[in-house]
Structures are given as C-alpha cells and as structure tokens.
C-alpha cells in the first residue's frame with residue numbers, strides 16, 4: 001500500500017477537526033464558567049466592603065444600620081452579600097485548591113477510561129456546580145467555598161484528557177495546529193466571560209450569569225457525548241479514508257504496562273525545566289488576572 005497523506009487528508013468533514021472544534025468549545029466553556037465569578041462578584045457584594053482588618057468603626061453611626069444579608073436565602077440579585085476583601089479572596093481562590101489536585105489523576109483516568117469520558121464528566125460537573133452557585137452563595141460563605149473547590153476538582157481533568165485525545169487524533173504534522181486551536185479556548189473563554197458577564201450584569205441580575213453559562217456547559221456536554229469518541233477506531237461516523245489516513249499517520253496507540261517511566265532523564269532534561277518555568281510564569285500571570293480582575 002502506498003502512503004498518500006495529502007489525498008487521504010482531503011475528505012469531507014474530517015472527524016479529527018470536529019473533535020478539535022469541540023475541544024476548543026469545551027476549553028472555552030470551562031474558562032467561561034471558571035472566570036465568571038470574578039466578574040459577577042462585583043454585583044454580588046456591597047460596594048463598601050473592606051478587609052476585616054481595615055474596617056474603621058465610626059462611633060457616631062449605629063453599627064446595625066446596614067444589616068448583613070449573608071444568610072438571606074431569597075436575595076435581590078443585586079449586592080446581596082456583605083463579604084469583605086479577605087472573604088472574597090478565599091471564595092475566588094477555592095477553585096484552584098481543587099484544580100491542582102486532579103491534574104495527575106485526570107491523566108491516569110484519561111488513559112484508563114478514555115479522554116472523552118474524563119473531559120466530558122469534568123465539564124459536566126463544572127456546569128452543574130456553576131448552576132448551583134447562586135444557591136450555595138445564599139446558603140453561606142462555606143457552602144460557596146466548598147462548591148468552588150469541587151468545581152476545581154472537576155475542571156482539573158480538562159488538559160490531561162485533551163492531551164490524551166490529541167495523541168489519538170492528531171497526526172504528527174497537524175498536531176501543533178490542532179493543539180493550538182484547542183488551547184486557544186483558554187484566552188477566548190476568558191475574554192468572552194469578562195465581556196459577556198458585564199453585559200448580563202448590566203441588563204439582568206448576577207444569578208443569570210451562572211445559569212446561562214451552566215446551561216451552555218450542559219448543551220456542550222450533550223453534543224460532545226453524541227459526536228466525539230476516544231479514538232478513530234471506535235468512532236461510528238468516521239469515513240474509511242480518514243480512518244486509514246490516521247492509521248498510517250499515527251497508528252493504533254496501545255497502552256504498554258511494562259514500560260518504566262524514565263524519571264531521572266525527565267528531571268534532568270533542560271527542555272523540560274524550560275517548559276516548566278515558562279508554564280509557571282504563564283499561569284501565574286493568567287490566573288492572577290482571571291481571579292482578581294476587574
């Protein structure tokens with residue numbers, strides 16, 4: 001059999017591109033749901049909240065003139081909570097306490113059960129927790145912090161699962177373009193969350209932000225389950241031409257359990273450390289802005 005990659009690549013609606021687009025939308029959805037609280041919280045809290053250590057007591061004013069609504073479960077959808085800056089910081093940071101935990105387990109789960117289910121269930125849990133955010137907020141600070149922590153646990157599987165899927169679907173000479181498109185959802189999702197949340201808050205109430213994005217995440221999950229699969233060989237809709245093309249370009253990846261991980265070579269690799277340092281710098285700046293803006 002002769003290998004003719006260009007001819008095999010020219011097929012109608014390649015399923016690897018469908019997965020790439022859905023992966024992009026999944027990442028964008030994940031970051032939209034992650035970042036929206038940073039914008040919505042500006043309308044959730046009262047305007048004059050300060051750090052608990054910075055509060056100045058005015059003896060000429062009645063201390064109960066502005067009662068806290070933190071335990072009010074009805075809410076007006078507008079400045080419902082008297083959270084100081086420290087409390088807001090804990091709420092916004094709670095997501096990342098869970099997020100950092102599930103990266104390595106997410107990779108293990110994706111290898112064992114497939115990236116489709118690992119990614120799909122992670123974003124499904126994020127969508128459900130996003131919809132439940134207003135309810136948790138009205139219940140109190142700790143229910144909201146707990147919910148954000150659980151939300152981070154679910155979303156921590158996103159990148160390990162996508163990496164597993166790209167290894168199965170992206171030919172070597174297309175991998176950089178496909179990965180770049182998928183992971184561009186980080187920036188696009190952050191921009192959409194920031195801009196669209198402001199518009200929603202202008203014309204609606206803050207719970208609307210979470211309901212809209214949560215429902216969008218649920219819709220994505222349903223479509224993802226129907227049209228995306230772990231690998232080309234289990235996909236019922238893929239054409240024979242594309243399956244042959246991917247078989248020639250990638251081969252059928254198999255899990256080899258008898259291979260030892262070369263930890264010493266990894267830990268002494270200069271490119272690995274360069275990537276690690278670059279990623280730390282990137283994430284520090286990105287997550288600081290996502291958490292603290294506006």
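No other residue among 101, 70 is over 24 Å from residue 216 (Cα atoms), touching a strand residue (DSSP E or B) at 6+ places or on another chain (Cβ under 9 Å) and either modelled with pLDDT under 90 or outside any helix (DSSP H, G or I) (or both) apart from 70.
Test residue 236 against the criterion of being touching a residue at least 40 places away in the same chain (Cβ under 8 Å) and closer than 27 Å to residue 13 by Cα, and give yes or no. No, not satisfied. Is one or more of the residues making up the stretch 18-37 touching a strand residue (DSSP E or B) at 6+ places or on another chain (Cβ under 8 Å), under 29 Å from residue 203 (Cβ atoms) and either at pLDDT below 95 or assigned to a strand (DSSP E or B) (or both)? No, there is no match, as no residue in the stretch 18-37 is touching a strand residue (DSSP E or B) at 6+ places or on another chain (Cβ under 8 Å), under 29 Å from residue 203 (Cβ atoms) and either at pLDDT below 95 or assigned to a strand (DSSP E or B) (or both). Scanning the stretch 174-193 for residues that are within 18 Å of residue 217 (Cα to Cα), out of contact with any helix residue (DSSP H, G or I) (no Cβ under 6 Å at 6 or more places or on another chain) and assigned to a helix (DSSP H, G or I) yields a count of 3.
With respect to the conditions (1) free of Cβ contacts under 8 Å to residues at least 12 places away in the same chain; (2) assigned to a loop (DSSP other than H, G, I, E, B), residue 171 falls short on a single one, namely (1).
Yes/no matrix, rows are residues, columns are (1) crowded, with 17+ Cβ neighbours inside 10 Å; (2) within 22 Å of residue 288 (Cα to Cα); (3) modelled with pLDDT of 95 or more:
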| position | (1), (2), (3) |
| --- | --- |
| 96 | yes, yes, no |
| 106 | yes, no, no |
| 124 | yes, no, yes |
| 132 | yes, no, yes |
| 151 | yes, yes, yes |
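Of the residues making up the stretch 204-223, not a single one is modelled with pLDDT under 95, outside any helix (DSSP H, G or I) and more than 27 Å from residue 36 (Cα to Cα).
Candidates 253, 259, 286: the one that is modelled with pLDDT under 85, surrounded by 10 or more Cβ atoms within 10 Å (Cβ to Cβ) and either touching a strand residue (DSSP E or B) at 6+ places or on another chain (Cβ under 8 Å) or not in a helix (DSSP H, G or I) (or both) is 253.
Could you please let me know if residue 143 is surrounded by fewer than 18 Cβ atoms within 10 Å (Cβ to Cβ), out of contact with any strand residue (DSSP E or B) (no Cβ under 8 Å at 6 or more places or on another chain) and in a helix (DSSP H, G or I)? Spelling it out, residue 143 is indeed surrounded by fewer than 18 Cβ atoms within 10 Å (Cβ to Cβ), out of contact with any strand residue (DSSP E or B) (no Cβ under 8 Å at 6 or more places or on another chain) and in a helix (DSSP H, G or I).
For the criterion of being within 26 Å of residue 118 (Cβ to Cβ), modelled with pLDDT under 90 and surrounded by 15 or more Cβ atoms within 10 Å (Cβ to Cβ), residue 229 fails.
The values are calculated or read from the model by the stated rules, or taken from the named source; none is laboratory data. Predicted model, so just to flag it, every value in this text is computed and none were measured. Neighbour counts run over all protein chains shown; Cβ positions are idealised from the backbone, glycine included.
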